[in-house]
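First comes the structure, then the notes that go with it.
Taken together, the values in this text are just the output of simple stated rules run on the coordinates, not laboratory data. Fair warning: this is a prediction, and the values are worked out from it, not measured in the lab. No Cβ is skipped: glycine too gets one built from the backbone with ideal geometry, and neighbour counts run over all protein chains shown.
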């Protein structure tokens, strides 16, 4: 293998690893040293993003590396790009907010380590790579949740950590069954030795990874963590953090040669969880008046939409992959932007209740328009990115019309709690325009949601 074929992995790895260490020493407690650490983080994430786009464009995919431990493919690149874009958006909102934190350099370091773990899972062809990437990225998100070190954030982080450890146990058991069932550590298996053990392993792995996605009935941690922890920290955990569940699950379900028993099991399990997640998330979100709580339960419903793609991933691979990627990108952009929006609103109006949104459109039209775009993207209104994500997912599930109908009904029903949030921003009230990193994050997210939404059909062309 020629040395240049290793560059797509080596370049971002070196950047993220050395930068994650360097920022810890650069920040000496002064504003200028923190700015230098922040700029290094931006630069490392941006160069990693540009290198991924460049190598994907140049055709550096379709081959394995490091003794078949990694396999570079298009979807792996795209998932890495989602993580890096989401990190840049979330970090823009966090940067000014955490200036007074003693742990601010640790946050910068952990954001980069999270992306490093996701990148390796996105290219994983070996069970050990997923376990390692999962360990790095999961530990980083647990810590980020608590690093503000106020009582509510620490309490939320501990709950997240404890339940995360339980899900990790399911992952270890799942991989044990998976390895015995396939007779190999490779994710690219064929003719499994023990098909029943393979199905059991996939089921246990689904439990572990669906915990990270926050799908029903594994969402017990999510509402408390999203509403109690620091808003700007949650902008990262609730967006990029979801990829820690989706990425490894996608690799496990697409790289092997599944048996008929596995295909039917995946279809049945993920369809049921998808439907329950959409229904439960929507029903509970309807009853909430605090916007952070609405977004918390809405994210459970959004996980349900993403799982439509996972239900049919072994039946209609290409369209399901592009649907999952597009919906994940739409979700990451919207979630990162909206939790930064809540952090901004809470600082200005003192609350994240619906009443605290009143007067935004009159005082700050740009913020009102941008947050509206993100909410409509989650709703699935064309031509914003979220519309294409749901359309591709429904197209992937065309052979299951009943699942598509349930998805469409739940998507329409979600207007019942997204529209009131938009309505409150356009009602009379007192709100002051304040320029902040959180506000910038919302605007950038909205711009990207529109631009990528217009270009989204090209994604299907790219996947042939």
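The separation of the stretch 313-336 from the stretch 63-92, counted between C-alpha centres, amounts to 14 Å. Here the stretch 1-15 is scanned for amide nitrogen atoms under 19 Å from the site 7 Å beyond the Cα of residue 50 along Cα-to-Cβ, giving 7-15. Over the chain, dividing the summed -39,500 (n - 2.57) contributions of all DSSP H runs of at least 4 residues by the number of residues returns a 222 nm mean residue ellipticity of -25000 deg cm²/dmol. Counted by neighbouring Cβ atoms within 10 Å, the residues 34, 226 run from fewest to most as 34, 226.
With a ≥ b ≥ c the root eigenvalues of the C-alpha gyration tensor of the stretch 258-464, is it rounded (a/c under 1.5), prolate (a/b larger than b/c) or oblate? Judged from the Cα gyration tensor, the stretch 258-464 comes out prolate (a/c at least 1.5, a/b above b/c).
Of the residues 97, 344, the one with the fewest other Cβ atoms within 10 Å heads the list, and the complete ranking is 97, 344. Distance between the 7 Å Cα→Cβ label points at residue 32 and residue 263: 6.5 nm.
Of the peptides 81-91, 21-31, 300-310, 98-108, the ranking by mean beta-carbon count within 10 Å, highest at the top, reads 300-310, 81-91, 98-108, 21-31.
The distance between label points at residue 315 and residue 150 comes to 4.7 nm (points 7 Å beyond Cα on the Cα→Cβ vector). What whole number of Å gives the distance from the Cα centroid of the stretch 397-464 to the Cα centroid of the stretch 143-191? Distance between centres, Cα-based: 29 Å.
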